[in-house]
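The values are calculated or read from the model by the stated rules, or taken from the named source; none is laboratory data. None of these values were measured; they are calculated from a predicted model. As a convention, Cβ positions derive from the backbone with ideal geometry for all residues, glycine included, and neighbour counts pool all protein chains shown.
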Amino acid sequence: MTTQLSDLLTEALRAGRLDGLHATVVVQGGQILLEHYGTGADHAWGEALGVIEFGPRTLHDVRSVTKSVTALLYGIALADGRVPALDDPLLRHFPAYADLAAEPGRAQLTVEHALTMTLGLRWREDVPYDSPANAEIAMELAPDRYRYVLEQPIQEPPGTRWSYCGGATALLGGLIAEGTGQPLPRYAEAVLFAPLGITHVEWSSGTDGAASAASGLRMTPRDLARIGELVLARGVWQGRRIVPAQWLAEMLTPRTRTTWGSGYGYHWYLESIAGRSVVAAIGNGGQRLFVLPEWDLSVAVTAGNYDDPEDWRIPTTVLEQVILPTLA
């Protein structure tokens with residue numbers, strides 16, 4: 001299988017079907033089946049880094065894959081009684097913004113609405129992420145990210161439909177930081193990264209100094225794949241329980257549907273390819289973590305096609321033209 005994977009990847013690269021691919025790591029049963037690193041122009045949260053020769057220790061933006069990691073952290077904190085229950089009203093836990101609760105409908109927002117991105121607030125992320133017209137960028141530039149999110153106009157009752165919203169993840173990150181008494185990166189290191197043996201991570205922060213729970217993580221592809229392995233192992237790593245099994249089951253249960261029809265749980269995408277389930281974490285530019293439970297596969301993909309509306313092509317090609325043919 002390893003040789004076939006390598007041959008198919010080489011063929012796709014030579015055919016120009018993977019232009020912009022920076023790296024991919026495929027792991028099955030704890031063994032790396034495929035590991036590829038390329039060369040290309042890269043950015044760190046929008047800052048140009050020039051042309052990078054990628055390798056096993058090279059950090060890479062994972063952008064909105066960060067959201068899925070934040071969901072894991074929320075589950076860990078919830079089991080420890082550090083964060084609100086899912087049916088708790090959000091504004092109750094942001095007392096500094098009590099004035100916002102007076103507006104009809106806003107007090108109905110719950111933690112689960114944030115986890116499922118069904119807040120019903122006006123929020124546009126369909127413009128490039130280098131523009132303050134993008135709501136996530138405006139949030140990161142705001143003096144207070146939490147007020148920025150919570151004061152957005154209400155467009156429809158919460159729970160009505162899925163609408164992509166980095167602000168929802170920011171609220172979850174704020175609840176974790178407040179409930180644990182630690183900045184989000186420090187808490188993540190203590191309860192998730194260190195137990196997994198992940199030691200080389202960066203986490204970008206906004207103007208207000210708060211770590212971006214929505215898109216700030218920089219990791220190596222190997223470590224990103226390890227997150228997938230943890231999901232495959234139902235939250236256990238080397239005999240140690242890291243994420244509660246009940247949380248993983250709830251997190252990966254479809255709660256709503258995205259605008260393109262994918263299932264959506266708690267900040268994870270739930271899809272089906274060739275009749276088999278695929279769990280995915282998705283980030284701008286072609287960043288992906290695919291978890292294929294029926295094959296015990298974790299697949300990390302990093303790429304440099306930031307703000308490209310067709311950035312999905314690279315990870316989809318890796319999955320459908322390199323990996324799936326070896327599983328038939």
Gly38: more than 15 Å from Leu224 (Cβ to Cβ), surrounded by fewer than 17 Cβ atoms within 10 Å (Cβ to Cβ) and modelled with pLDDT of 95 or more, yes or no? no
Those residues of the stretch 83-93 which are buried (at least 19 other Cβ atoms within 10 Å of the Cβ) and either closer than 30 Å to Ala44 by Cβ or of a type in the set (Lys, Arg) (or both) amount to Val83
If you go through the stretch 1-20, how many residues are in a helix (DSSP H, G or I) and in contact with a strand residue (DSSP E or B) (Cβ under 8 Å, 6 or more places away or on another chain)? 5
Can you confirm whether Gly50 is in a strand (DSSP E or B), out of contact with any Ser or Thr (no Cβ under 8 Å at 6 or more places or on another chain) and in the same structural domain as Asn284 (by TED's automatic domain parsing)? yes
Of the residues in the stretch 272-295, how many are surrounded by fewer than 20 Cβ atoms within 10 Å (Cβ to Cβ) and either free of Cβ contacts under 8 Å to residues at least 12 places away in the same chain or of a type in the set (A, V, I, L, M) (or both)? 4
Got at least one residue in the stretch 152-165 being touching a residue at least 12 places away in the same chain (Cβ under 8 Å), outside the structural domain of Ser262 (by TED's automatic domain parsing) and part of a helix (DSSP H, G or I)? no
Taking the residues in the stretch 91-127 that are acidic (Asp, Glu) and part of a helix (DSSP H, G or I) as candidates, determine which candidate is modelled with the highest pLDDT. Glu112
Go through Arg57, Arg63, Arg82 for me and flag whichever is in contact with a helix residue (DSSP H, G or I) (Cβ under 6 Å, 6 or more places away or on another chain), within 30 Å of Val191 (Cα to Cα), not in a helix (DSSP H, G or I) and not polar (S, T, N, Q). Arg82
Single residue of Ala233, Ala168, Ala214 found to be within 23 Å of Thr258 (Cα to Cα) and free of Cβ contacts under 8 Å to residues at least 60 places away in the same chain: Ala168
Quick check on this structure: which one of Ala98, Ala107 is surrounded by fewer than 21 Cβ atoms within 10 Å (Cβ to Cβ), in the same structural domain as Glu140 (by TED's automatic domain parsing), out of contact with any helix residue (DSSP H, G or I) (no Cβ under 6 Å at 6 or more places or on another chain) and farther than 23 Å from Ser212 by Cβ? Ala98
Having 2 or more residues that are of a type outside the set (A, V, I, L, M, F, W, C), under 26 Å from His43 (Cβ atoms) and over 18 Å from the mean Cα position of the chain (by Cα) is the bar; report the strands (runs of 3 or more DSSP E) wholly within the stretch 183-289 that clear it. none
Which residues, counting only those in the stretch 283-328, are among the basic types (Lys, Arg) and out of contact with any strand residue (DSSP E or B) (no Cβ under 7 Å at 6 or more places or on another chain)? Arg313
Within the stretch 296-309, considering residues that are under 17 Å from the mean Cα position of the chain (by Cα) and not polar (S, T, N, Q), the one surrounded by the fewest Cβ atoms within 10 Å (Cβ to Cβ): Asp307
For Arg255, which of the numbered conditions (1) in the same structural domain as Glu53 (by TED's automatic domain parsing); (2) more than 23 Å from Leu119 (Cα to Cα) fails to hold? (2)
